[in-house]
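Step one of this worksheet: look at the structure below.
The values are calculated or read from the model by the stated rules, or taken from the named source; none is laboratory data. Everything quoted here is computed from the prediction, not taken from an experiment. Cβ atoms come from the backbone with ideal geometry, glycine included; neighbour counts cover every protein chain shown. For the accessible areas, the whole protein counts, side chains as well, though only heavy atoms, and no ligand, DNA or RNA atoms are used. Shrake-Rupley method; radii C 1.70, N 1.55, O 1.52, S 1.80 Å.
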Amino acid sequence: MYDLPDVPSADDLDAGTNVLVAGPPLTGKRDLAIEALASGADRGDGSIIVTTKDSADKVLDDLTEAVTVSDPDVGIVDCVTKQRGIGTVDDDPRIKYASSPVDMTGIGIKLSEFLQEFYENRSLTENRILLHSISTLLMYSDLQTVFRFLHVFTGRIQSADALGLCVIDSTAHDDQTMNTLKQLFDVVVEIEDGEG
């Protein structure tokens, strides 16, 4: 069973559940997702983050600040750093680099490598996986391509008995796009502008 802190109706989510966290910019979607990963890391779950917006270092810093354990099991698929072309980058035990958010095949392979390593080498059977953000993928590719990728991505999460969290800026996409993507998820958490 998995939980989502700060989401009262999401206390007991079954293994293999995929959650879409949707809302306007600056409403705390990413913070909620990082808190969900931190909550799992504090109880010994693995955390895998696919980042299409921030560098791996920033994501790692944010997660490290949110957890109470000293050395959480983390894997980050960074789709940003190579595209920016800043220095040379090599994979290490915590970070694997995809060439860009367009490289969805590469992203899927790196995610599978982390899942396999977490299961076989680290004996982690409960893992939380965050994709931040679907909106970035849609800036680089068409809806059909992103839908196919997310279909495989959510299927991997389901077969790994993990908890999947995918973040999207709901105001950046039309209703048809949002409704198409929502079909892939078991739970949709909508965050609205306002206090709290």
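Observations on the model:
- Residue, nearest to Met1 (Cα to Cα), within the range 66-91, restricted to residues that are in a helix (DSSP H, G or I) and modelled with pLDDT under 95: Thr81
- If the condition is being over 20 Å from Ser39 (Cα atoms) and of a type in the set (Val, Ile, Thr), then the range 135-191 contributes Thr136, Thr145, Val146, Val152, Thr154, Ile168, Thr171, Thr177, Thr180.
- Reported count of residues in the range 1-16, each being surrounded by fewer than 22 Cβ atoms within 10 Å (Cβ to Cβ) and either in a strand (DSSP E or B) or under 13 Å from the mean Cα position of the chain (by Cα) (or both), is 1.
- Within the range 172-196, being within 15 Å of Thr27 (Cβ to Cβ) and open to solvent by 60 Å² or more (accessible area, probe 1.4 Å) holds for Ala172, Glu190, Glu192, Asp193, Gly194, Glu195, Gly196.
- Scope the range 57-72; condition within 16 Å of Tyr97 (Cα to Cα), surrounded by fewer than 23 Cβ atoms within 10 Å (Cβ to Cβ) and touching a residue at least 12 places away in the same chain (Cβ under 8 Å); matching residues: Leu60
- Residue check for Gly40: open to solvent by less than 30 Å² (accessible area, probe 1.4 Å), under 17 Å from Thr125 (Cβ atoms) and either part of a loop (DSSP other than H, G, I, E, B) or out of contact with any helix residue (DSSP H, G or I) (no Cβ under 8 Å at 6 or more places or on another chain) (or both): yes
- Test: Ala22 is in contact with a strand residue (DSSP E or B) (Cβ under 8 Å, 6 or more places away or on another chain), in contact (Cβ under 8 Å) with a residue 12 or more places away in the chain, part of a helix (DSSP H, G or I) and open to solvent by less than 30 Å² (accessible area, probe 1.4 Å): no
Let's see how each residue does on (1) of a type outside the set (Ser, Thr, Tyr); (2) within 26 Å of Ala41 (Cα to Cα); (3) open to solvent by 70 Å² or more (accessible area, probe 1.4 Å); (4) under 17 Å from the mean Cα position of the chain (by Cα):
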| site | (1), (2), (3), (4) |
| --- | --- |
| Arg84 | yes, no, yes, no |
| Tyr97 | no, yes, no, yes |
| Val102 | yes, no, yes, yes |
| Ile107 | yes, yes, no, yes |
| Glu117 | yes, yes, no, no |
| Glu120 | yes, yes, yes, no |
| Leu131 | yes, yes, no, yes |
| Leu137 | yes, no, no, yes |
| Asp142 | yes, no, yes, no |
